[in-house]
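The values are calculated or read from the model by the stated rules, or taken from the named source; none is laboratory data. Nothing here was measured: the structure is a model prediction, and the numbers come from that model. Neighbour counts are summed over all protein chains in view; Cβ atoms, including those assigned to glycine, are modelled from backbone coordinates with ideal geometry. Note: accessible area is taken over every heavy atom of the protein model, side chains too, but ligands, DNA and RNA are not part of it. Shrake-Rupley method; radii C 1.70, N 1.55, O 1.52, S 1.80 Å.
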Protein chains: 2
Amino acid sequence: MLKSEAIISGQPKASTKQAIERAALSLFAERGYPAVSMREIAERVGIRQGGIYNHFGSKQALLVHLMEGHMRALLVALDASVPKGGNPRERLAQFVRFHVLYHLAQPDDVFIAYMELRSLEADGLARLKELRRAYEERLRRILEAGQRLGVFAITDVPVQAMGLIAMLTGVTTWYRDGSRLSREAVAEIYVTMVMRSLGVEETPTM
Amino acid sequence: MLKSEAIISGQPKASTKQAIERAALSLFAERGYPAVSMREIAERVGIRQGGIYNHFGSKQALLVHLMEGHMRALLVALDASVPKGGNPRERLAQFVRFHVLYHLAQPDDVFIAYMELRSLEADGLARLKELRRAYEERLRRILEAGQRLGVFAITDVPVQAMGLIAMLTGVTTWYRDGSRLSREAVAEIYVTMVMRSLGVEETPTM
DNA sequence: CCACTGCATGAACGATCATTCATTAGCGCA
DNA sequence: TGCGCTAATGAATGATCGTTCATGCAGTGG
């Protein structure tokens, strides 16, 4: 077979490895890691089952690769969007916008990273838990800063942080592109809800 | 084998059918439907694999039975806890308390009902989606009532309803019994967050 | 005391699973 | 033109999957 044809349709420049990542990502997100077979992934890529093992050592390694790659990219993007210092209100609003928009842009990655922790074996699980903790820590830091300055009505930082993240992440379960509201409009609704839940009435703009 | 011994340990009065339900529930919640085999379920119950088919026609039928049973019980319990009429603020607070406490009391049922929709075949899926919609509708009704009376700061009822349910349901992902806060204390924190997110400052008591 | 019923058994079914591997094809580079 | 490497093949591995079924036992009602 011509090598240049072993490519997912519509993505003529993708390497096989990238095509495997893309195929596995959407299949895992759609039906869950245990329900997806290596044969299905290979079929979507356009190669035979054995070919995947030229790029990934095992199905588990493929999952870990996807999850870890996503979480690292998420942290990098967050730190680029939400500057370390500054007004806690603005940082929080920015955190919410970032979280909602990133999650709507990459719903498959997000879904896998949050749902397939249970499919991980010990090594990968420990690494992923740490990355997840680091992300949540970013929000806790913002809440604590606002608490110190007295601009947020905080009852309990850890509980509220987990509650807010759950609320924001949940947007992926119901939002569909092309619906009544734009992604940005949805993000602003969430900003308002989050701000109000912390006793902040007016929403800071960008 | 003595029939009276074919029983899950610690549950001496349970019928085999109930034991299968319990075993399947916790295994599905822990590792996901596709990752659990009928052999594992039977092993936990203390019977052989074939025995399950004396009580359920298939693995899929077992899943549908669990999910549908949970959702119907949830709706009945909700309607018993949150009266149809009355003050929207009190009804909402009661909805939040109910949702949080029920979810903390039955985390496995809840988790399966929300996560295993994708494992359902067409028939069961349609029925479960309708039950889920009915539950969410209860919250939308409360928000609409409050909007009509002008006691809630509503931007968008459907979006806020989904956001609130996601926030509340997320409690199961982090709360563990025996931790710093009691279930009731956590529920009250959520009540406060929800109320604030709707512009209601003081929390109505029960 | 017998017949009936309900339920557990345990072996077997074909299908599918993740993974391995010897083989080979095609590419870049000399 | 030919060498060497990367990667795709396709068959085979043993394990495990959901499900079926003939068999037999235990408890119940007549």
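When each pair of different Cα atoms in the protein assembly as shown is counted once in the 1/r mean, what is the Kirkwood radius in angstroms, to one decimal?
23.3 Å
To check my understanding: the extent here is largest minus smallest coordinate of the Cα atoms along each principal axis. What are those three numbers for chain B, in Å, largest first?
Largest to smallest, the principal-axis extents are 65, 40, 27 Å.
I'd like the trypsin sites (Lys or Arg not before Pro) in the range A:33-66 restricted to DSSP loop residues with at most 15 other Cβ atoms within 10 Å, sorted by number.
A:48
In Å², rounded to the nearest 100, what is the total accessible surface buried by chains B and A against each other with a 1.4 Å probe?
For chain B against chain A, roughly 2700 Å² becomes buried.
Whole angstrom only: what separates the Cα centroid of the range B:88-115 from the Cα centroid of the range A:132-206?
That distance is 21 Å.
Over all residues in B:157-165, what is the mean tally of Cβ atoms on other chains that come within 10 Å of each residue's Cβ?
5
For a 27 Å ceiling on Cα separation, which of these pairs sit above it: A:129/B:59; A:59/B:17; A:17/A:84; A:59/B:59; B:59/B:129?
Result: A:129/B:59; A:59/B:17; A:17/A:84 exceed 27 Å.
How much of the calculated P(r) for the range B:100-177 lies past 14 Å, in percent of all Cα pairs?
68 percent
Calculated FRET efficiency, residue A:177 and residue B:80, Cβ-Cβ r, R0 35 Å, to nearest 0.05?
The computed FRET efficiency comes out at 0.35.
How much of the accessible area of the range B:10-54, in percent, comes from carbon and sulfur atoms when a 1.4 Å probe is used?
45 percent
Quick one: length gained pulling residue B:115 to residue B:35 fully straight, 0.36 nm per residue minus the C-alpha distance? Don't skip to the end; give the middle numbers.
Values: separation 80, 0.36 × 80 = 28.80 nm, distance 1.33 nm.
Answer, rounded to one decimal: 27.5 nm.
Helix-only mean residue ellipticity at 222 nm, chain A, DSSP H runs n ≥ 4 weighted -39,500 (n - 2.57), per residue, nearest 500. What is it? Intermediate results must be reported in sequence, preceding the final value.
Values: 9 runs with 134 residues, N = 206.
Taking each H run of at least 4 residues, the total per residue is -21500 deg cm²/dmol.
Residues of the range B:105-131 with accessible area at least 30 Å² lower in the all-protein-chain context than alone (1.4 Å probe)?
B:111, B:115, B:118
With all protein chains present, how much of the accessible area of the range B:60-197 (probe radius 1.4 Å) comes from carbon and sulfur, to the nearest whole percent?
It is 53 percent, rounded to a whole number.
Over 10 Å intervals from 0, what percent of Cα-Cα pairs in the range B:29-103 sits in each interval?
Result returned by the calculation: 16, 34, 21, 19, 10, 1.
Just to be sure I understand the curve: with the Debye formula and one point per C-alpha of the range B:79-145, what is log10 I(q)/I(0) at q = 0.13, 0.22 Å⁻¹?
-0.44, -0.99
Where only protein heavy atoms count, and the probe is 1.4 Å, what is the accessible area per residue for the protein assembly as shown in Å²? Intermediate values should be presented prior to the final figure.
Working: 19190 Å² over 412 residues.
Computed with neighbouring chains in place, this is 47 Å² per residue.
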